[in-house]
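The block underneath contains the structure these notes are about, expressed in structure tokens.
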Amino acid sequence: MTSEPILEVENLVTQFHTDEGVVKAVDGNSFSLHKGEVLGIVGESGSGKSVTAMSVMQLIDKPGYIKAGTVRYKGEDLLEKSKAEMRQIRGNDIAMMFQDPMTSLNPVYTIGSQISRVIRKHTDASKPEARDRTIELLGDVGIPEPAARVDDYPHQFSGGMRQRVLLAMAISCDPEILIADEPTTALDVTIEAQIFELIDRLQEKYGMSVILITHDLGVVAGSCDRVAVVYAGRIVERAGVEELFESPRHPYTRGLMRSIPNLRSSESRLTPIKGQIPDLTALPSGCSFHPRCVHATEECTQRDPELRAVETNREAACIHALGYSNPATTRTATDSAATDGGVSNE
Amino acid sequence: MASNITEYDIDRRQFLALTGALSGASLAGCTGNSDSGGGSGTDSTGSSGGGSSDETVRLNVAIASEPWNFDPALWADTGSSAIGSLIYDEVIELTPDSELAPGLVKEVPKPTNDGMAFDYELRDGLQFHNGDEVTVEDFKYSVDWILNPDNNSPIRRRIPNVEGTEIVDDRTLRLNLTTQFSTLNWWLTRGLEGIVQKGSRGSASEREGPTGIATNLTTDPSGAGTGPFEFVEWNTNENVLLKKNENYWKEGIPKVDEINFQIMPEDSTRLANLRSGTTDLTTSIPDKDFESLKGDPSIKTGTVPGNTTEVLYLNLMEAEGNPMSNVNNRRAVQWGIDAEEILDEIFYGRGVAQQGLWYPDSEWTSPKLKEMKMYDQEKARRELEKAGNPDGFTFEMLITKGSHLKDQGVVIQNQLSKIGIDVEITTLEKSALFDQVYNTTDWHAALENWTNAVPVVTYWLSTGFVPNDRNHNNWHHASPDLPDRYAPSGPPAPEDAEGDFSNGHDWYVQTLKKAQQTADEQEQKEIVYRLQEYLVENAIQIDIAYSSRLAAWSDSVSDYQMGSFASDIRPVTKD
Amino acid sequence: MSTARFILKRLMLIVPVLFGVSVAVFGLLHIAPGGPAAVLLGPLQNEQIIQEVRSQLGLDKPFYVQYWLWASSAIVGDLGTSWTVQQGTPVVDLIKSRLLLTFELALLAQLLAVLIGIPAGIIGAVRQNKPADHLSRIGALSGISIPNFWLGIVLIMVFGVTFNFDWGTGGWISPFEDPVANLQHLILPVIALGTARAAIIQRMTRSEMLETMNQDYIRTARAMGISEREVILKDATKNALIPVVTVIGIGIGGLLNGAVLTETVFNLPGLGKLFITAIARRDFEVIRALVLFITCVFVFANLSVDVLYAYLNPKIREDGGN
């Protein structure tokens, strides 16, 4: 896609000052979202992907704070905006939905009132108008008999239904950008499919751009146009979705790929990436991934690799990025069978 | 918290000048004082009424305990008679100087009929508050009602030895006695505290509630009294309001237009009200607060020696674990208590240490007791040896919760520990304590204070000692009126006693009766001395000290007459 | 189950509760040492007279006979006449004349407690660990620790004595006679009584608010651009108050308790003072009637709290119906 970017994040740094130390949750990330595209942000839990999104929305609270960076939306830096201005934008221009549908709705108000309130906050709709719109939205997201259910309470809905309600709330004011933070993590696989299908449909209908945050590569494969892979607070690879899956350049990405179950694989076991994600208050020197990286060299412990282009429209943050092809198809001469895990497809 | 000292067998008169009148309070021939001294009414200066004629002058008096009722025949306590005495008049009054004065009668009579009767002649021109004249029939009705056993009047025993009444002429009532009893008039100052109209108490069938507990006058004595103030209203827990009787038979009093008794059980509230001026006068003041009141320029204080004794009752009966049934133990405790120290610590030096039951300076106190050293640790230790526990023993002292007696008990505990006697203090709610002490044998000692309102030594020797079924110290002798649960108790009669007595109590009761009946003052004195000495030698109870009476009033109030046995509020004025 | 049925069902529970309570009180009074006759007539009174009076009061009958006699008239509203507090006055009259005062005192104290406690709790939570929070926490701790009768005495000393406000030393005037004076006289007692309650409510509200503010739905509201003020006052408060309401309701017992002390210190002729007098004087009729009355108050209070709770918390409402 070659549409213009509507959101450009540059060198975003967000840190948390805790008793254990300074947590560098987002360590200088940059990415952009283009109009009409679905950008996936992938990473393990604790990698900082949610914090990135929350930073964009400026929902970060003590002890965290956004230390540096710019977030350009429609030409303006959101980080410079006042609180009142940001409130205008949240829910209105940029909307976010979270991963815990069971707890993300206020139990003592009806779902209808919760959605209507957002509508009336950002538009000049009257009460009955907002209510009508709410019913319409509930229909859009697939709630059966919306007019009957608009006055029900959250506990009267299942998890999947609640997520739809939250989705309805998010799109209620026609936002340009929808940020979905692991929307289906708490849901069944079958519901998950429905939700993504819904998001797809709504995206087309309303012309939204979507940032999809997930740890599930399958979701990425199914729904995203472009992907950013996050590790330990850093974006380590950016690419279009097909390119990423075909030839992941960063060792971490490749490790992730290998840990996806593959029906055609003759291996009976999954191959996890050895080691664990680092403590974000005490990152390893040099490349954060090096302790777990099978290709790590002496240089990796010293140099902190930046994200740089490895091809057109592809970036990876690894000094060894160039020169690796898809491990699923080939093996290079320098690979050693044992350390590489030795997965061979076809 | 609430120093709700409801004292029994007390009347509202409270103060006595110690030296003078006590000696004068003799037994025989006391009737000679009929017209002397008398009320403060005749001394009051000039103007009648009080304050400016436009505004109602109201005197606010704070009291600590609620009255129980407004029928003089039912006053078993101080609270009721303190207020009631303003609504009614006594037949015979007790002045602040502790002398007899005629109340509703023309003069204090001497006995007639060989000492077997007294004639009481009513004054002329007496009116009830409802306007009716007071007649001799009303007088007879009032006395007969109390004497009638069916009415269960709780003050029946305050008119002892009277078998009946008889109308002699249209102003005179005769009281016929069963035996010679020269001190009757003194007893009547507490026994006949008012005359009510014939029939006003209601008949047996009309009355609601149990007889003897409530009469028609109990809660609403409107129009029923003859006294300087008329009843207006009683709001329980709040106040009792009285207004001036414009037609009072005594000239010149009362001076204030209204008296409002404010019922405040809480010490600090009373004092705060006094300081802020909401209260004009109060006599219920804890000793420690009295000191700070003395320093307040807008408040005047007064203190006189009192008629309240701090006393340690002792259970004389043999009972499981009761060390007090042993006379040597009792005497050890008696010699081990330092009354002067108690007066210093608890009462700021006010009060009089006792040498036996009666006032130590009086001619009616045994000379032997006057000489006796009451605090003597050596004597105490010797007693412990005689008792068989030379290193001491332990006993339990009961004390009413929330009273100053607790502090006193601690001082005593301290004193006795020096000779090896361990005191365990147990605090109880007042009713529970009374129940345990007067209804059971399950106690050792109880620290109490007790007030007697009649300034006559035989009255003191009688009340709380004589009744066989119930007295302060479980002191009993074998007789038909001894309840089943009790056995004879206490030490034997003295060796030199003439006659056959089953035990000491038997001897005591008989001997006291003789004293009350004899007309010879010297003989009486000797018997009285002997009785007092017996009490101390056997440590029947331990009389520690007389505490003083305290009062405080705002500087706009004057002419409050304080007395040791009787105070007079009638002549009070307020600016 | 509709609200009406729910309430009705709960009201019917009053009967066994009253029965149980009255039997317990009866039993306790029966066992307690001392009795109205002894108290009335004095400790040295003739045994025979005391027994006479006891039997006239019916105290020599067996326990269950006494209970039956009392209960059978109590049911039709005849609670007897006072024996020793104000002899001969019907107990119902005694209670009626004091009801207004205690009710007013308790109501105003509760109101004060809520009006101070809830906002202070919200402020403390929102400005957590800032000076405002520390101040209100210290205030709350003092409020809970300071005994209300001590506070009352201090208030009297300060306002009544030092500043000489003549309404500062207690006393009471009916609101129908003089509403202004009535409120004046009640200011200090209400402060003394309400402070401890306010403190409890403040702490509870604060902790509930802190917990609520961490909930996910708060995050949702903020993410939708709702103003912080609305988030606190609308989204968070309604949730936080649910447990606070229950605490308030249960605390009505403490309020009545405190009323007794407050009435004593400030010299207010209310039910509390009546209760104390009746107990000291062993006036069984008054004690029983008051206990019944207080029980009813409790039952109603708890019932109201439950109804309110159901109103605030939709989940309960629905469950009640299933």
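Between C:Asn129 and A:Glu85, take the C-beta separation as r, use R0 = 25 Å, and let me know the FRET efficiency to the nearest 0.05.
Rounded to the nearest 0.05, the efficiency is 0.35.
Test of understanding: in a Gaussian network model of chain C with alpha carbons linked when under 10 Å, which of C:Ile276, C:Ile122, C:Ile138 would top the mean-square fluctuation ranking?
C:Ile138
May I ask what percent, to the nearest 5, of DSSP beta bridges between residues of chain A are antiparallel?
Details: 32 of 51 bridges.
In chain A, DSSP labels about 65 percent of beta bridges as antiparallel.
Please list, in chain and number order, the residues 5+ apart from C:Leu268 or on another chain whose amide H is under 5 Å from its amide H, with Hs placed from the backbone.
C:Gly171
Which one, B:Gly321, B:Thr135, B:Val528, projects farthest toward the positive side of the charge dipole computed for chain B from Cβ point charges (K/R +1, D/E -1)?
B:Gly321
If you line up the long axis of helix B:327-336 against the longest principal axis of chain B, both from Cα atoms, how many degrees apart are they, to the nearest 10?
Tilt relative to chain B: about 70 degrees.
Mind listing the phi-derived Karplus ³J(HN,Hα) values for segment B:214-219, rounded to whole Hz, using 6.51, -1.76 and 1.60 with θ = phi - 60°, and x for any glycine or proline?
Listing the rounded values in order: 9, 10, 5, 8, 4, 9 Hz.
With Cβ to Cβ distances under 11 Å as the rule, what net charge do the other residues near C:Asp60 carry (K, R +1; D, E -1)?
The answer is +1.
With all pairs of different alpha carbon atoms counted, what Kirkwood hydrodynamic radius in Å does segment C:3-75 show?
That comes to 14.6 Å for segment C:3-75.
Among C:Phe159, A:Phe289, rank each residue by its count of other Cβ atoms within 10 Å, from fewest to most, as a rough exposure measure.
Lowest count first: C:Phe159, A:Phe289.
Between segment C:130-197 and segment A:1-62, what's the alpha-carbon centroid distance in Å?
One Cα centre to the other: 55 Å.
Expressed as an acute angle from 0 to 90° and rounded to the nearest 10, what is the orientation of the C-alpha long axis of helix C:63-75 relative to the principal long axis of chain C?
That helix lies at roughly 60 degrees to the long axis.
Output the antiparallel fraction of DSSP beta bridges having both residues in segment B:306-548, as a percent to the nearest 5.
60
What order do you get for C:44-54, B:67-77 when each peptide is scored by the mean count of other beta carbon atoms within 10 Å, highest first?
Going by the mean number of other Cβ atoms within 10 Å, highest first, we get B:67-77, C:44-54.
So what's the angle, to the nearest 10 degrees on a 0 to 90 scale, between helix B:377-387 and the longest Cα principal axis of chain B?
60
Ordered by residue, what ³J(HN,Hα) values in Hz, to whole numbers, does segment C:31-48 give under the Karplus form 6.51 cos²θ - 1.76 cosθ + 1.60, where θ = phi - 60° and Gly and Pro are x?
With the stated coefficients, segment C:31-48 comes to 7, 4, x, x, x, x, 5, 4, 5, 6, 9, x, x, 8, 5, 3, 4, 5 Hz.
What are the semi-axes of the equivalent ellipsoid for chain A, taken as the square roots of 5 times the Cα gyration tensor eigenvalues, largest first, in whole Å?
After diagonalising the Cα gyration tensor, the semi-axes are 38, 23, 18 Å.
What is the mean number of Cβ atoms from other protein chains located within 10 Å of the Cβ atom of each residue in peptide C:79-87, rounded to a whole number?
For peptide C:79-87, the averaged partner shielding equals 5.
Counting only residues 5 or more places away or on other chains, whose amide H sits under 5 Å from the amide H of A:Gly40 once H atoms are built in the peptide plane?
A:Leu212, A:Asp225, A:Arg226, A:Val227, A:Ala228
Averaged across the residues of C:261-269, what count of C-beta atoms belonging to other chains lies within 10 Å of each residue's C-beta?
Taking the mean over all residues of the peptide, I get 5.
Starting with the highest mean, order C:75-81, C:268-274, B:553-559, B:136-142 by the number of other Cβ atoms within 10 Å, averaged over the residues of each peptide.
Numbers: C:75-81: 13.9, C:268-274: 26.1, B:553-559: 17.3, B:136-142: 20.1.
Result, highest mean Cβ count within 10 Å first: C:268-274, B:136-142, B:553-559, C:75-81.
Please name whichever of B:Ile337, B:Leu428, B:Gly504 sits farthest to the positive end of the charge dipole of segment B:306-548, dipole taken about the Cα centre and charges placed at Cβ: Lys and Arg +1, Asp and Glu -1.
Of the candidates, B:Leu428 comes out farthest on the positive side.
With just the Cα atoms defining each centre, how far is segment A:74-126 from segment B:440-463? Give it in Å.
After rounding, the separation between the Cα centres reads 84 Å.
Would you mind telling me the antiparallel percentage of the DSSP bridges in the protein assembly as shown, rounded to 5?
Details: 91 of 129 bridges.
DSSP beta bridges in the protein assembly as shown are roughly 70 percent antiparallel.
Apply 1/(1 + (r/R0)^6) to the Cβ-Cβ distance of C:Phe63 and C:Lys9, taking R0 = 30 Å, and write down the FRET efficiency to the nearest 0.05.
Here the calculated transfer efficiency is 0.40.
Using Cα pairs closer than 8 Å and at least 6 residues apart in sequence, work out the relative contact order for chain A, in percent.
This gives 18 percent for chain A.
Let me know the charge dipole size of the protein assembly as shown about its Cα centre in debye, to the nearest 20, where only the beta-carbon of Lys, Arg (+1) and Asp, Glu (-1) is charged.
4380
Sequence gap at least 6, Cα distance under 8 Å: using those rules, report the relative contact order of segment B:306-548 to the nearest whole percent.
Relative contact order for segment B:306-548 comes out at 34 percent.
Between B:Glu495 and A:Arg72, what is the label-to-label distance in nm when each label sits 7 Å out along the Cα-to-Cβ direction?
It works out to 12.6 nm between the two label points.
Between rounded, prolate and oblate, where does segment A:1-154 land on the alpha carbon gyration tensor, with a ≥ b ≥ c its root eigenvalues, rounded for a/c under 1.5, else prolate if a/b exceeds b/c?
Verdict is prolate for segment A:1-154.
Return the Cα extents of chain B along principal axes one, two and three, sorted largest first, each rounded to a whole Å.
Largest first, chain B extends 74, 57, 45 Å along its Cα principal axes.
Can you tell me how much longer the chain between A:Glu242 and A:Thr271 gets when fully stretched, taken as 0.36 nm per residue apart minus their C-alpha distance, in nm with one decimal? Walk me through the intermediate numbers first.
Working: separation 29, 0.36 × 29 = 10.44 nm, distance 2.19 nm.
Fully extending the segment from A:Glu242 to A:Thr271 adds 8.2 nm.
Check which residues have an amide H placed less than 5 Å from A:Tyr231's amide H, if you skip close sequence neighbours.
A:Val236
Taking each residue in B:267-274, count the Cβ atoms of any other chain within 10 Å of its Cβ, then average. What number comes out?
Values: counts 1, 8, 10, 2, 4, 14, 9, 2.
Mean shielding count: 6.
Hull surface divided by four, with the convex hull built on the Cα atoms of chain C: how many nm²?
21.8
What ³J(HN,Hα) values, in whole Hz, does the Karplus curve 6.51 cos²θ - 1.76 cosθ + 1.60 give for segment A:297-310 when θ = phi - 60°, with x put for Gly and Pro?
Here the 3J(HN,Hα) series is 10, 4, 4, 5, 6, 9, 9, 9, x, 9, 6, 9, 5, 10 Hz.
Using Cα centres only, tell me the gap between segment B:237-306 and segment B:528-575 in whole Å.
17
If we count every other residue with Cβ under 14 angstrom of B:Leu271's Cβ, Lys/Arg +1 and Asp/Glu -1, where does the sum land?
Charge balance in the 14 Å sphere: -3.
Please work out the FRET efficiency for the pair B:Lys514 and B:Lys379, using the Cβ-Cβ distance as r and a Förster radius of 22 Å; give the result to the nearest 0.05. Working shown, then result.
Numbers: r = 31 Å, r/R0 = 1.42.
Once rounded, the FRET efficiency stands at 0.10.
Given the options B:Ser222, B:Trp234, B:Thr189, identify the residue whose Cα lies farthest towards the positive end of the charge dipole of segment B:188-317 (+1 on Cβ of Lys, Arg; -1 on Cβ of Asp, Glu).
Farthest along the dipole direction, towards plus: B:Thr189.
Order these peptides, B:216-229, C:227-240, by their mean beta-carbon neighbour count within 10 angstrom, highest first.
Going by the mean number of other Cβ atoms within 10 Å, highest first, we get B:216-229, C:227-240.
Could you list log10 I(q)/I(0) for the protein assembly as shown at q = 0.04, 0.07, 0.08, 0.09 Å⁻¹, which the Debye formula gives when each Cα is one point scatterer?
Each listed q corresponds, in turn, to -0.41, -0.79, -0.91, -1.07.
Take chain A, connect every pair of alpha-carbon atoms lying under 10 Å apart with a spring to form a Gaussian network, then pick out the residue of A:Ser126, A:Ser116, A:Ser32 with the largest mean-square fluctuation.
Taking springs between Cα atoms under 10 Å, the residue moving most is A:Ser126.
So how compact is segment B:306-548: Cα radius of gyration and Dmax in angstrom?
Cα-based Rg and Dmax for segment B:306-548 come out at 17.0, 49 Å.
Where a number appears in this text, it was derived from the coordinates with a stated rule and is not lab data. Owing to the predicted nature of the structure, the values given are computational and were not obtained by experimental measurement. FYI the Cβ positions are ideal-geometry reconstructions off the backbone, even for glycines, and counts take in every protein chain you see.
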